[in-house]
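Structure first, then comments.
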């Protein structure tokens, strides 16, 4: 039987064909009027996609490069910061803070859970230069309440710096209204192109902090990027093909709503949220246990496997039988959970295909007491309720 590879990981995500075509044709020199026009267009589109009037910068790096820039550009050695950590990517903030000589106070939450707001409130001190957090902790598929944290620091000197790498395109942000100073995105997530670009919005409050920062920076000096971006250029050689692909992807998102990118962003978020809800319903119908049931992310769903089972075996079975690629748990969660994504170039029929495959593996390979169709039926009910005519 023919098998078509289907990528259901939370990054990289499936590539948009129009973006692939744009990348293949992107033989543009980066110091030309043609590229400057493209670059300025994409930066303007990213403002709409993020939903901000703040500066938006584009870096040729993974999302971690923008995370590092969000530490090095706005702090000085010895500064106190507050890190909210509930998984592998929260731990990354801790590591970055230590690498740049910061004194990091850390509020933790168990894997799969979110933060107690009262605990965060008590931990937050006026001397904290910044709060670092995730919007969506991809390692556990838990979502965090950025708006609630933003209320704690609004009208203070503390910066709110948010890793929205899997949050953008899957959950709603009011960047300017809430007062999010830095919001970070990545190219291999909701915008449907390969890894290699990171983007971030930067508030005026953050730019003021950048002027007093004493941490070293060179390639990731955001002041250089801001100056060059105003002229339609990057400080250093950009990933030209990826930027062309990003422009095509943002055009595609806009065209899903009649050319209106803001409405297209809303539709993209709605698509992720409905597919996530349908996936959760289908997996619960099969008897699986959701790993982050109280605060689930719409970027990905994490599922705890039954006692005595290794999640890696299920991931391997899906790939071996159906060429369907999902993600095992990370770090201490490896073998305990598997993760399936919903962000970017996924639609409802992809969800149906995934659940149908899981039904086969659950019944035929794992010997679980399930019937064909029960997961798909549960997902269909969620979809029907969401898009009732």
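Where a number appears in this text, it was derived from the coordinates with a stated rule and is not lab data. Just so we're clear, the structure is a prediction, and the values are computed from it rather than from any experiment. Cβ placement follows ideal geometry from the backbone for every residue including glycine, while neighbour counts extend to all protein chains displayed.
Ranked from highest to lowest mean number of other Cβ atoms within 10 Å per residue, what is the order of the peptides 339-349, 371-381, 198-208?
Working: 339-349: 23.8, 371-381: 17.5, 198-208: 21.5.
For the peptides 339-349, 371-381, 198-208, the packing ranking is 339-349, 198-208, 371-381.
Once both labels are positioned 7 Å from their Cα atoms along Cα-to-Cβ, the gap between residue 154 and residue 374 label points is 4.6 nm.
Note on the chain: helix-only mean residue ellipticity at 222 nm, from DSSP H runs of 4+ residues weighted -39500 (n - 2.57) and normalised by residue number, equals -13000 deg cm²/dmol. The length gained on full extension between residue 147 and residue 41, counted as 0.36 nm times the residue separation minus their Cα-Cα distance, comes to 35.3 nm. Among beta bridges identified by DSSP and lying wholly in segment 17-255, the antiparallel ones come to about 40 percent. Name the shape class, rounded, prolate or oblate, that the alpha-carbon gyration tensor gives for segment 17-255, where a ≥ b ≥ c are the square roots of its eigenvalues, rounded holds for a/c under 1.5, and otherwise prolate holds if a/b is larger than b/c and oblate otherwise. Cα axes put segment 17-255 in the prolate bin.
Which shape class applies to segment 198-260: rounded if a/c is under 1.5, otherwise prolate when a/b exceeds b/c and oblate if not, where a ≥ b ≥ c are the square roots of the Cα gyration tensor eigenvalues?
The shape class here is prolate.
On the beta carbon distance between residue 91 and residue 284, with R0 = 35 Å, the FRET formula returns roughly 0.75. When a/c reaches 1.5 or more, the comparison of a/b and b/c decides; with that in mind, is segment 242-384 rounded, prolate or oblate per its Cα gyration tensor? Since a/c reaches 1.5 and a/b is larger than b/c, the shape of segment 242-384 is classed as prolate. Approximating the spin labels as points 7 Å out from Cα along Cα→Cβ, the residue 384-to-residue 263 distance works out to 2.9 nm. Relative to the dominant Cα principal axis of the chain, helix 88-99 is inclined by about 20°.
Legend: calculated FRET efficiency, residue 307 to residue 347, from the Cβ-Cβ distance at R0 = 41 Å, rounded to 0.05, equals 0.75.
Under Stokes-Einstein, with the Kirkwood radius over Cα pairs as Rh, the value for segment 69-163 at 10 °C and 1.306 mPa s is 121 µm²/s. Relative to the longest principal axis of the Cα atoms of the chain, the long axis of helix 374-386 makes an angle of roughly 50 degrees.
Ranked for footprinting exposure by Cβ neighbours inside 10 Å, fewest first, 266, 193 give 266, 193. Were the residues from residue 21 through residue 108 laid out at 0.36 nm apart, the gain over their Cα-Cα distance would be 27.0 nm.
Listed by Cβ neighbour count within 10 Å, with the fewest neighbours leading, 309, 333 appear as 309, 333. Extension gain, residue 117-residue 208: 0.36 nm per intervening residue step, less the Cα-Cα distance, totals 30.0 nm.
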